[in-house]
Amino acid sequence: MNKNILRIAIQKSGRLSEDSLKLIKECGIRFDNGAGKLKTDATNFPAEILFLRDDDIPGYVEDGVAHLGIVGENVSEESSKNVDTVHRLGFSKCRLSIGVLREHEYAGVQDLEGKSIATTYPRLLGKYLESNGVTAQIHEISGSVEIAPSIGLADAVCDIVSSGSTLLSNGLKEVETIFKSEAVMIASKNLSDVQQDLLDQLLFRIKSVQVAKN
Ligand code: ATP
Ligand code: ZN
């Protein structure tokens with residue numbers, strides 16, 4: 001693999017995509033963003049952009065198939081891949097929260113003892129419960145988590161919240177925030193000297209853009 005270019009993995013389509021592309025463009029990196037392309041070359045910087053599902057990005061960066069990635073910190077932390085978080089990007093802010101049925105009285109985290117909680121974030125939830133001394137059953141599902149309590153699949157949910165409207169419309173109330181997230185830039189641990197230098201140039205540009213905005 002070419003050790004003189006940086007491969008940057010970003011989400012193909014979703015909540016991170018637009019701001020990830022914007023950030024790369026604001027750094028002065030130009031590329032042909034042809035619709036449907038999965039890989040594109042930058043025209044004025046030694047970089048390639050890969051368009052992937054966000055969940056796959058930490059693994060690609062750990063393996064060194066991509067050298068840099070932009071993902072939600074929630075996804076990076078849940079993946080527990082061995083990568084470096086090199087910068088916090090300030091967009092796609094959200095939180096990972098626990099919700100219970102609105103009519104349930106809730107006094108505190110100890111009320112979750114012995115309960116079942118549906119989530120797509122078993123690792124982050126497990127850590128949170130453990131650090132609070134609570135034993136609960138973690139029910140891992142891959143989507144539509146909010147429906148679980150109303151259909152009797154679980155007593156509670158642990159899911160990503162930004163405004164809280166999805167919880168509300170499923171008859172739930174937010175009772176604990178377990179993780180606060182934003183988009184982060186992650187990097188592979190095995191960069192060549194040239195790649196490290198390119199990363200430093202990129203970080204310098206990103207920081208300049210962020211300073212100019214504040
Ligand atoms: P993919 O198809 O790439 O797997 P996805 O459906 O898993 O996409 P998105 O819904 O696009 O992911 O969310 C990407 C990231 O955006 C989340 O991991 C999270 O960090 C952030 N985010 C911000 N607000 C929200 C929200 N309201 N709901 C979900 N994710 C949010
Ligand atoms: Zn995803």
(message) Can you tell me which of (1) over 20 Å from the mean Cα position of the chain (by Cα); (2) outside any strand (DSSP E or B) is the one Val65 doesn't meet?
(response) (1)
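With respect to Val83, determine if the residue is over 11 Å from the mean Cα position of the chain (by Cα), more than 16 Å from ligand 2 (Cβ to nearest atom) and either closer than 12 Å to Ala183 by Cα or crowded, with 21+ Cβ neighbours inside 10 Å (or both).
yes
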(message) Checking the structure you have, find out if any residue of the range 11-21 is in a strand (DSSP E or B) and under 14 Å from Phe91 (Cα atoms).
(response) yes
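Give the number of residues within the range 34-63 that are among the small types (Gly, Ala, Ser), away from ligand 1 (no atom under 16 Å from the Cβ) and farther than 16 Å from Lys3 by Cα.
Within the range 34-63, the first condition is being among the small types (Gly, Ala, Ser), and the residues that meet it are 34-36, 42, 47, 59.
Pick out the ones that are also away from ligand 1 (no atom under 16 Å from the Cβ) and you get 34-35, 42, 47.
Subsequent filtering for residues that are farther than 16 Å from Lys3 by Cα retains 34-35.
Within the range 34-63, residues that are among the small types (Gly, Ala, Ser), away from ligand 1 (no atom under 16 Å from the Cβ) and farther than 16 Å from Lys3 by Cα number 2.
Could you run through the range 111-135 and say how many residues are in a loop (DSSP other than H, G, I, E, B), over 17 Å from the mean Cα position of the chain (by Cα) and under 14 Å from Gly99 (Cβ atoms)? Before the answer, list the steps.
The first filter runs over the range 111-135 and keeps only residues in a loop (DSSP other than H, G, I, E, B), leaving 113-115, 120-121, 132-135.
Narrowing the set further to residues that are over 17 Å from the mean Cα position of the chain (by Cα) leaves 113-115, 132-135.
Now narrow it down to the ones that are under 14 Å from Gly99 (Cβ atoms): 115.
The number of residues fulfilling the criteria is 1.
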(request) Scan the range 154-205 for residues that are within 16 Å of ligand 2 (Cβ to nearest atom), assigned to a strand (DSSP E or B) and small (Gly, Ala, Ser) and jot them down. (result) Ser181, Ala183
(message) Between a residue in the range 1-22 that is under 17 Å from Leu52 (Cβ atoms) and assigned by TED's automatic domain parsing to the domain that holds Asp193 and any residue that is within 15 Å of ligand 1 (Cβ to nearest atom) and among the basic types (Lys, Arg), which pairs come within a Cβ distance under 9 Å, given they are 6 or more apart or on different chains?
(response) Gln11/Arg53; Lys12/Arg53; Gly14/Arg53
(request) Considering each residue of the range 18-28, count those that are within 16 Å of ligand 2 (Cβ to nearest atom) and surrounded by 16 or more Cβ atoms within 10 Å (Cβ to Cβ), and give that number. (result) 2
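The values are calculated or read from the model by the stated rules, or taken from the named source; none is laboratory data. Not measured: the values here are computed from a predicted model. Neighbour counts run over all protein chains shown; Cβ positions are idealised from the backbone, glycine included.
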